[in-house]
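Trainee: Following this message is one structure expressed as structure tokens.
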Amino acid sequence: MEVNRESMEYDVVIVGAGPSGLATAIKIKQLNSETNVCILEKGSEVGAHILSGNVFETKALDELIPDWKIKNAPIKTKVKKEKFLFLSKKSSLSWPTWLLPSVQKNHNNYIISLANLCRWLATEAENLGVEIFPGFAASKILFSDDDQVIGIQTGDMGVDKEGNKKESFEPGINIMAKVTVFAEGCRGHLGKELIKKYNLSKGKSPQQYGIGFKEIWEVEESQHEEGLVMHTAGWPLDNSTYGGSFCYHADSRQIFLGYVIGLDYKNPYLSPYDEFQKFKTHPSIKKILNNGKRIAYGARALIEGGIQSLPKMYMPGALLVGCDAGTLNMPKIKGSHTAMKSGILAAETIIDYLNKSIPLSSYEEKFKKSWLYNELFTARNVKPSFNWGLIAAIIFTGIDQIIFRGRLPFTLKHKHADHESLQSAKNSKQINYPKYDGVFTFDKTSSVYLTGTNHEADQPVHLQLKDKDLPISYTLNEYDEPSQRYCPAGVYEVDKTDPEVPKFIINAQNCIHCKTCDIKEPSQNITWVVPEGSGGPNYANM
């Protein structure tokens, strides 16, 4: 039976209240205050699903809101000092910062909470007349008969696990727009659908991803150095696995501690979560955390393919911005300023489209003339060079970035998607991780608790299996079901109570919306879709 749905109409609807979506909305209203703009945000509030390192470069914000300092933006802790360490199991070697490529230097940048910056940007947007609807997840794209994007549909509320309407049922709303902007962040589920439908990645390298972990610790005064930015490479990962850590000393004796691991890793027994926990036991890190307290945890996939993997960002009636497209600068380990700049360019394009009938394809033209394109172009060869191993990649990156400034006369390609990289279990070495001590290292259950994650229990599972039998009939035998290890929240497990009949279990209520399963599952059998609106993590200061 067809559901009767209400409709709302706007000039522009934006999916996602992250830095790219908010920048798009603000710039549109700055250019033409009469343009009707709304933002849909699946989190319970703006910032609830935002997680980033975050050392912030203000370049795009300087363009968007030049007087942000006097407007009391939550950008206070300036980077004062930098360190780069190579770790072995028990020791560390400090790399001279003057030998780092300029893209890896953070002079004039700030240590911030991106969630709090987004909350501030949301207030700026609302002051300009932007309507923001938190707790409303865009679940479906609306198309015209001639395949033009004409808006989105919000998810139905009050549906039980079997898909039946509960007494609390409320149908989703059709939100129609002249232009729809997809700003969902990395591996946006609607952006993924659009890229496939319109073949936007034709001729591009396969997209590349990483999984990023972050914890906030309150540490002793003697171990805190406000404004210090430290990165590490090496242990606990081997030479062939891409990854490294960050340790940012914010204010109030807090440090933002995290780890990023490329999702092109090969060993199905590798657990990114446990590599991060293990990293914290290194003497150089343990010293900082000693007598400290962990107060927050989160994880999120990040997009690393660079310009050779960037899809076409326009289609009939819609644009992709930020990490929904893939504008993160990998060697900088920064995507917020590039996401915001893509939003600014999108806004300029939209105003031209609405007022002058200039096609949305002019977005790509503006992009190619911008500093954003130049930044991504000069960074393009860093990530694919890690296919040669850590040492070779470091040497190559030094030549590429320091000597040639990123302008070598060739572009390295990514050879395969991350889900294609796993070796079979029988050809891989098992990894035995140390037990959690509850002081420096913690289990997934206690970590997920810190995220504030909540989902309505009686709702359809939002982690959908194309073939419900495949995890046991194939993936368990071939890869020892790697979802048990690549998921940072304990969503997936194999119940072997009866060894003859193992069962694949999905604990969807634990999901922190990182999207790793959608990316890494070797048969692409798991599809992440939005749960009921406002479900998921509730990050405070991430």
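Trainee: Any aspartates and glutamates with Cα under 15 Å of the K332 Cα? List them, leaving off those in the same chain fewer than 8 positions away.
Mentor: Excluding near neighbours in sequence, the set is E57, E82, E304, E375, D400.
Trainee: What is the sum of charges, Lys and Arg at +1 and Asp and Glu at -1, for the other residues whose Cβ falls under 12 Å from the Cβ of E220?
Mentor: 0
Trainee: What residue among L64, W95, L128 has its Cα farthest toward the positive end of the dipole of the chain, where the charges are +1 on Lys, Arg and -1 on Asp, Glu, each on the Cβ?
Mentor: W95
Trainee: Ok, one more. For Q524 and I391, FRET efficiency with R0 = 41 Å and r from the beta-carbon atoms, rounded to 0.05?
Mentor: 0.80
Trainee: Next question. Roughly what would the spin-label model give for R5 and D498, points 7 Å off Cα along C-beta, in nm?
Mentor: Taking the two extended label points, one gets 4.1 nm.
Trainee: Hey, another quick one. I need the Debye-formula profile for the range 383-542: one equal scatterer per C-alpha, no solvent, reported as log10 I(q)/I(0) at q = 0.18, 0.19, 0.21 1/Å, two decimals.
Mentor: -1.18, -1.23, -1.34
Trainee: How long, wide and thick is the chain, going by the Cα atoms along their three principal axes, in whole angstroms, largest first?
Mentor: Ordered largest first, the chain gives principal extents of 61, 59, 46 Å.
Trainee: In nm, give the distance between the simple-model label positions of K413 and K165, each being 7 Å from the Cα along the Cα-to-Cβ direction.
Mentor: If labels sit at K413 and K165, their model points lie 5.2 nm apart.
Trainee: Got the relative contact order for the range 294-365 handy, in percent, Cα pairs under 8 Å and 6 or more residues apart?
Mentor: 29 percent
Trainee: Can you work out the accessible area per residue across the range 231-379, with the rest of the protein chains kept in place, probe 1.4 Å, in square angstrom?
Mentor: For the range 231-379, the solvent-accessible area averages 28 Å² per residue.
Trainee: Using +1 at the C-beta of Lys and Arg and -1 at the C-beta of Asp and Glu, which of Q207, Y474, F386 has the Cα lying farthest in the positive direction of the dipole of the chain?
Mentor: F386
Trainee: Report the accessible area of I431, computed with a 1.4 Å probe over the heavy atoms of all protein chains in place, in Å² rounded to the nearest 10.
Mentor: 50 Å²
Trainee: Further, regarding this structure: Accessible area per residue of the range 5-134 at 1.4 Å probe, in Å²?
Mentor: 43 Å²
Trainee: Let me ask something else about it. Using only Cα atoms, figure out Rg for the range 29-173 and give it as a multiple of 2.2 N^0.38 Å.
Mentor: With N residues counted in the range 29-173, Rg over 2.2 N^0.38 Å equals 1.50.
Trainee: Check the chain for me: any Cys whose beta-carbon has no other cysteine beta-carbon within less than 4.7 Å?
Mentor: Cysteines of the chain left without a disulfide-compatible partner: C38, C118, C247, C487, C511, C514, C517.
Trainee: Another question, then. Please give the net charge around D400, taking every other residue with its beta carbon less than 13 angstrom from that of D400, where Lys and Arg add +1 and Asp and Glu add -1. Working shown, then result.
Mentor: Details: positive: R380, K383, R405, R407; negative: none.
Once positives and negatives cancel, what remains is +4.
Trainee: Something else now. What part of the accessible area of the range 232-354, given as a whole %, is carbon or sulfur when the probe is 1.4 angstrom?
Mentor: Here it works out to 46 percent.
Trainee: May I ask you to give the solvent-accessible area per residue for the range 397-542, in square angstrom, as obtained with a 1.4 angstrom probe? Before the final figure, lay out the partial values.
Mentor: Details: 7380 Å² over 146 residues.
On a per-residue basis, the range 397-542 sits at 51 Å².
Trainee: Please figure out what share of the DSSP beta bridges in the chain is antiparallel and state it in percent, rounded to the nearest 5.
Mentor: Values: 58 of 84 bridges.
Bridges in the chain are about 70 percent antiparallel.
Trainee: With the contact rule set at Cα under 8 Å and sequence spacing of 6 or more, what percent relative contact order holds for the chain?
Mentor: With pairs under 8 Å counted, the relative contact order is 21 percent.
Trainee: Please report the carbon-and-sulfur percent of the accessible area for the range 45-180; probe 1.4 Å, protein heavy atoms only, DNA, RNA and ligands left out.
Mentor: About 50 percent, which is the carbon plus sulfur part of the accessible surface.
Trainee: Also, I was wondering about something else. Can you tell me which lysines have their Cα less than 19 Å from the Cα of K287? Leave out same-chain residues fewer than eight positions away.
Mentor: K81, K83, K89, K90, K214, K278
Trainee: Moving on to the next point. Looking at the chain, do any whole DSSP H helices span at least 27 angstrom along their long axis by alpha carbon and average 0.0 or above on Kyte-Doolittle, and which? Mind showing how you got there, number by number?
Mentor: Numbers: long enough: 336-356 (29 Å, 0.10).
Result, helices passing both filters: 336-356.
Trainee: How large, in percent, is the carbon and sulfur part of the accessible surface of the range 447-489 at a probe radius of 1.4 Å?
Mentor: About 47 percent, which is the carbon plus sulfur part of the accessible surface.
Trainee: Only Cα pairs under 8 Å and at least 6 apart count here; give the relative contact order of the range 65-165 as a rounded whole percent.
Mentor: That works out to 19 percent.
Trainee: Leaving ligands and nucleic acids out of the surface, order I150, I307 by accessible area at 1.4 Å, largest first.
Mentor: The ranking, largest first, comes out as I150, I307.
The values are calculated or read from the model by the stated rules, or taken from the named source; none is laboratory data. Predicted, not measured: the structure shown is a model, and the values here were computed from it. No Cβ is skipped: glycine too gets one built from the backbone with ideal geometry, and neighbour counts run over all protein chains shown. Keep in mind that these areas ignore ligands, DNA and RNA; they rest on the heavy atoms of the full protein, side chains included. Shrake-Rupley method; radii C 1.70, N 1.55, O 1.52, S 1.80 Å.
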